[in-house]
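Everything on this sheet refers to the single structure shown next.
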Amino acid sequence: MTEAERWARDLVCNESEAFEKALKRTKEKKNMYINGRWLTEPEIEAHIKRMKREIAELRDKNDIEVRTLREQQNVNDKLERITSNYTFGQQREIFIEECAEAIQAVCKVERAADSSAEVYADKISDLISEVADVLIMAQQMRLYLGKDKVDAEILRKLDRQLQRIRAKQES
């Protein structure tokens, strides 16, 4: 657990607020007791600089996490609107088509491996588009079939694969 996480836990606030409070206390008192000893003024200044840098990093991290959560919620809202307008059967058929198109795109990338960089890049771009289509349809299927059931199966399969990897590394 980092120093910021300990302060956040102790002060029951987010990490950057905890750092700012600790920084303010340190500046006001002009003394600091860490790891069983009092710090000298140069050590305090170095510690304050490190805390300021970590505060900035935490703010950046929090901004990214908030943006990511908003973007994910936006995706979820769109998926739910789409699934509410089509039946499972309709989207199942589209899912099959998109999977087939992705398979074709993979084959075309393989064939283009010996082509020019431009042709290869074009086939990779097509594959990216098809992967996006498959993922969109897979997310819709997840909603139709039940998020909790699908997520549990995903975790089970990920854990199984990690066990296989560990077993292979141990042998």
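Applied to region 123-139, the Karplus parametrisation 6.51 cos²θ - 1.76 cosθ + 1.60 on θ = phi - 60° returns per-residue 3J(HN,Hα) values of 5, 5, 4, 4, 5, 4, 4, 5, 4, 4, 4, 5, 5, 4, 5, 5, 5 Hz, with x for Gly and Pro.
Pairs Lys78/Lys123; Lys108/Lys149; Lys78/Lys168; Lys108/Lys157: which exceed 32 Å Cα-Cα? Pairs exceeding 32 Å: Lys108/Lys149; Lys78/Lys168.
Between Trp38 and Ala121, what FRET efficiency comes out of the Förster formula 1/(1 + (r/R0)^6) with R0 = 45 Å and r the beta carbon distance, rounded to 0.05?
Numbers: r = 61 Å, r/R0 = 1.35.
Approximately 0.15, to the nearest 0.05.
Starting from the 7 Å offset along Cα-to-Cβ, what nm value, one decimal, do you get for the label separation of Glu153 and Gln73? Going from the Glu153 label point to the Gln73 one covers 2.9 nm.
With all pairs of different alpha carbon atoms counted, what Kirkwood hydrodynamic radius in Å does region 87-170 show? If you can, show how the numbers build up before the last one.
Values: mean 1/r = 0.0665 Å⁻¹.
It works out to 15.0 Å.
A simple spin-label model places the labels of Ile103 and Lys52 6.0 nm from each other, with each point 7 Å out along Cα-to-Cβ.
Readers should treat all values here as calculations from the given coordinates under stated rules, not as data from a laboratory. From a predicted model like this one, the values you see are computed outputs, not experimental measurements. Here the Cβ is made from the backbone with ideal geometry for all residues, glycine too, and neighbour counts use every protein chain on show.
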